[in-house]
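The values are calculated or read from the model by the stated rules, or taken from the named source; none is laboratory data. The structure presented is a predicted model; accordingly, all values stated were derived computationally and were not measured. With ideal geometry, Cβ positions are generated from the backbone for all residues, glycine too; neighbour counts draw on all protein chains shown. Quick note on the areas: whole protein, heavy atoms, side chains included, nothing else; ligands and nucleic acids left out. Shrake-Rupley method; radii C 1.70, N 1.55, O 1.52, S 1.80 Å.
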Amino acid sequence: MVTSSDGLCGIGELAERAGVTVKTVRFYSDRDLLPEASRSAGGHRRYGPEALDRLRLIRSLRALGLSVPEVRRVLEEEEEDETGGPRGEGGTLEAAVAGRLRELGSELRAMRWREAALRLVQECPPGERAGRLRLIGALSLPPSTAPLVRFWRGWLPARMPAPAAGAFLDVAVPQPPDDPAPGQLLAFARLNALTLAPCPGTAQPQPEAHRVSGARGAAVLYAGLAEAYELAGVHLRRDREPRPGEALDGFVAAYTSAFGVRDTPGFRHRLAGQLAADPRLDTYWELVSEVRTPPGGRPEPTPGAAHDWLLAALAAETGAFGETGEAVGQGTSPRQSKRRGSPGLGAYAERPPVP
């Protein structure tokens, strides 16, 4: 890029060759990203032959979304490498690009959630739009799981060991999908509204069983239930009807271990009756299943569905009867009954079963 006998060119020619405006060249020069070689007698900026490549590099870095300070650090590191000065770590550009990729990932995720929200409003009947807009308006996009975590912490014992509480929350709180379908967004919005609303009929947020069994007893209970739910999930995935076996034995053992009682036929009968009368969170678990199931996908068993399957198996084994006089779970599979399609608070009984 030579236009004069001294090998220098003016700001206008440099801008033209680089495909930018004179204002852009002046902007980078004023911030010492594009050094001037000299000034003419009239005070005009003059640039050396290396200025064009440097300007193109600056434009490339800016096109990647790097900030001016980040561009400066990349250029300084490159100069140190070329001049043999103190070598940098060589990771300035890599770190800046990685950071920008993280930012873009977050931006794209937020855009996908906004797109799902727009489609949800666009596709719903006009009479339902006001309600859906209220649900969406109460939700950050992408949504936070904080309301769901707070909701469950209200049920967990205050001094429950952190590892046990964390393990329970990992299962009970669904993570928002990165690319949600409108139905998944609606389910998460309803979960958000459900967990922000006060629980009807509960004078205290923590069920009696938590206070009676104590924090460590509750940790034993939840750990045992988690294992039983895993075993029940195998049967649910194969569409098996509730039955006695290892999963049911583990389910009962969770309660006997937590409350320090023996596993007897009488205990199992009383346990079945009590769990059938427990407060339930069916809607919560149904919505969790919707959030976790992509369009066209097969629903994975939730702790609610697993609890229901185990309770039905216990009722069938013991012949326990619910309030209606019908055997608990009789003639109803966990997948067929909305009321029993999620557990609820079987793990959170209002009072511990007694032998």
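Residues to consider are ALA247, ALA254; find the one that is among the small types (Gly, Ala, Ser) and within 19 Å of GLU300 (Cα to Cα). It is ALA247.
Filtering the range 48-70 to residues that are in contact (Cβ under 8 Å) with a residue 40 or more places away in the chain and more than 28 Å from GLU103 (Cβ to Cβ) leaves GLY48, PRO49, ALA51, LEU52. Taking the range 232-247 as the range and being over 31 Å from the mean Cα position of the chain (by Cα) and either in a loop (DSSP other than H, G, I, E, B) or buried (at least 19 other Cβ atoms within 10 Å of the Cβ) (or both) as the test, the residues that pass are GLU241, PRO242, ARG243, PRO244, GLY245. Whether a residue is under 23 Å from PHE151 (Cα atoms), at pLDDT 90 or above and open to solvent by 50 Å² or more (accessible area, probe 1.4 Å) was assessed, and ALA203 does not pass this test.
Within the range 119-153, the set of residues being over 24 Å from TRP285 (Cβ atoms) and part of a helix (DSSP H, G or I) comprises ARG119, VAL121, GLN122, GLU123, PRO126, GLY127, ARG129, ALA130, LEU133, GLY137.
Candidates in the range 248-283 are the residues that are assigned to a loop (DSSP other than H, G, I, E, B) and either free of Cβ contacts under 8 Å to residues at least 40 places away in the same chain or at positive phi (or both); of these, the one that is surrounded by the fewest Cβ atoms within 10 Å (Cβ to Cβ) is GLY260.
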